[in-house]
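Only one structure is covered here, and it is reproduced in the block below.
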Amino acid sequence: MPKEKPELSDAMRAKMSRKTPEKNPIQGTKFTIAVSSAKGGVGKSTFATNLALALKSTGCKVGLLDADIYGPSIPKMFGIDEKPKSDGQKLEPVMKFDIQCMSIGFLTDQQTPMIWRGPMVTSAIKTFTQKVNWKDLDFIIVDMPPGTGDTQLTFSQEIKMDGAIIVSTPQEVALLDVKRGIKMFDKLGVKILGLVDNMSYFTGDDGKKYHLFGEGGVKKTAEEFDKEFLGEIPIDPKVGKFGDQGTPIVEVDPNNKISKIYLELAKKIKSSFE
Ligand code: ADP
């Protein structure tokens with residue numbers, strides 16, 4: 001068993017205990033949902049993009065905000081190579097697959113590593129939430145950076161968030177960080193809509209399920225913290241292939257087993273706001 005790490009760093013705790021500023025809603029949307037993960041590489045952006053598309057196919061108007069300021073994925077995953085227009089006051093979201101999209105990656109060279117310091121992160125978030133012309137949306141899905149850092153803190157303290165979904169893979173080491181993420185959102189008063197177990201198993205040619213990264217850990221963590229377990233998404237190489245091509249699986253292969261799982265998840269999430 002890996003050693004339990006400290007729950008939240010002292011610096012993080014100090015920032016969280018500062019006086020909470022007024023929370024502003026993002027104009028132009030009814031609800032804002034954060035997609036978060038404790039670690040990078042667990043499929044958070046894949047989840048955010050496919051969830052946005054699945055919500056669209058249930059009839060919702062959806063926006064996708066890539067708040068992963070250090071490593072934006074939406075331009076690649078949605079195949080967007082276009083700069084947003086500006087009227088001098090506000091940025092127009094880029095439309096793709098009928099989704100209103102905004103990403104720091106639209107504004108910078110994707111190859112450039114960015115060294116964003118805390119205050120710059122805050123101002124980028126302000127721009128994306130207050131200076132983008134989001135229009136008539138039911139949901140904005142916010143793709144957060146991994147971890148429990150400045151972006152999560154700023155969003156949770158300053159922006160009215162209607163819920164957070166935590167994506168994880170089932171390894172013990174990922175789960176330790178998930179627990180930290182749950183504690184952060186709980187402490188900041190952001191409702192956790194549920195936990196998702198991504199890449200939970202692989203079905204071999206023999207039809208058997210192989211739990212490559214362990215089994216049941218995300219569900220167990222959800223139960224331990226009295227949170228909803230939203231479900232498992234298996235490993236399918238097509239998910240990666242379509243994501244890399246800029247055409248997410250839910251959009252191009254809606255009858256795929258994984259797309260159907262996303263659709264059911266989207267219905268569940270939508271119904272929790274009705
Ligand atoms: P994160 O946003 O957490 O860093 P990504 O969404 O970029 O993670 O996903 C990491 C990699 O895993 C990508 O190559 C993606 O295509 C792949 N991936 C995510 N979910 C699945 C899945 N269910 N099956 C197969 N590959 C997946």
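Across segment 123-148, what is the number of residues that are outside any loop (DSSP other than H, G, I, E, B) and away from the ligand (no atom under 16 Å from the Cβ)?
Quick first cut of segment 123-148, residues outside any loop (DSSP other than H, G, I, E, B) only: 123-130, 132, 137-143.
Cutting the leftovers down to away from the ligand (no atom under 16 Å from the Cβ) gives us 123-130, 132, 137-140.
Qualifying residue count, segment 123-148: 13.
Note on segment 64-113: residues that are without any contact (Cβ under 8 Å) to a residue 12 or more places away in the chain and not in a loop (DSSP other than H, G, I, E, B) total 2. Here GLY189 qualifies as modelled with pLDDT under 95, more than 12 Å from the ligand (Cβ to nearest atom) and open to solvent by 50 Å² or more (accessible area, probe 1.4 Å). Residues of segment 41-53 include none that is more than 10 Å from the ligand (Cβ to nearest atom) and among the β-branched types (Val, Ile, Thr).
Taking into account only those residues within segment 71-107 that are among the hydrophobic types (A, V, I, L, M, F, W, C), within 19 Å of ILE140 (Cα to Cα) and away from the ligand (no atom under 16 Å from the Cβ), which is most open to solvent (accessible area, probe 1.4 Å)? Ranking the qualifying residues of segment 71-107, first place goes to MET95.
To keep it simple, each residue is scored yes or no on (1) open to solvent by 10 Å² or more (accessible area, probe 1.4 Å); (2) without any contact (Cβ under 8 Å) to a residue 40 or more places away in the chain.
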| site | (1), (2) |
| --- | --- |
| LEU137 | no, no |
| GLU158 | yes, no |
| SER168 | no, no |
| ARG180 | yes, no |
| SER200 | no, yes |
| ASP205 | yes, yes |
| HIS211 | yes, no |
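Filtered by the rule that a residue be open to solvent by 30 Å² or more (accessible area, probe 1.4 Å) and modelled with pLDDT under 90, segment 56-70 gives a lone residue, TYR70. When we screen LYS39, LYS30 for residues that are under 18 Å from the mean Cα position of the chain (by Cα), surrounded by fewer than 23 Cβ atoms within 10 Å (Cβ to Cβ) and modelled with pLDDT of 95 or more, the only hit is LYS30. Close Cβ contacts (under 7 Å, 6 or more residues apart or on different chains) running from residues in segment 223-237 that are under 18 Å from GLU264 (Cα atoms) to residues that are of a type in the set (A, V, I, L, M) and away from the ligand (no atom under 16 Å from the Cβ) comprise GLU228/LEU193; GLU228/ALA222; PHE229/ALA222.
Does THR151 satisfy being under 17 Å from the mean Cα position of the chain (by Cα), modelled with pLDDT of 90 or more and assigned to a helix (DSSP H, G or I)? Steps first, please.
Numbers: under 17 Å from the mean Cα position of the chain (by Cα): yes; modelled with pLDDT of 90 or more: no; assigned to a helix (DSSP H, G or I): yes.
Spelling it out, it is not the case that THR151 is under 17 Å from the mean Cα position of the chain (by Cα), modelled with pLDDT of 90 or more and assigned to a helix (DSSP H, G or I).
Pairing residues of segment 7-26 that are at pLDDT 70 or above with residues that are aromatic (Phe, Trp, Tyr), at Cβ distances under 8 Å and at least 6 apart in sequence or on separate chains, gives ILE26/TRP134.
For the residues LEU175, LEU153, the requirement of being closer than 25 Å to GLY216 by Cα and touching a helix residue (DSSP H, G or I) at 6+ places or on another chain (Cβ under 8 Å) singles out LEU175. Across segment 225-274, the qualifying residues are those that are β-branched (Val, Ile, Thr) and either part of a strand (DSSP E or B) or open to solvent by 50 Å² or more (accessible area, probe 1.4 Å) (or both), and the one among them that is farthest from the ligand (Cβ to nearest atom) is VAL252.
The values are calculated or read from the model by the stated rules, or taken from the named source; none is laboratory data. Values in this document were obtained by computation on a predicted structure and should not be read as measured data. Positions of Cβ are backbone-derived with ideal geometry, glycine not excepted, and every protein chain shown enters the neighbour counts. When the accessible area is computed, the model is the full protein with side chains, heavy atoms only, and any ligands, DNA or RNA have been set aside. Shrake-Rupley method; radii C 1.70, N 1.55, O 1.52, S 1.80 Å.
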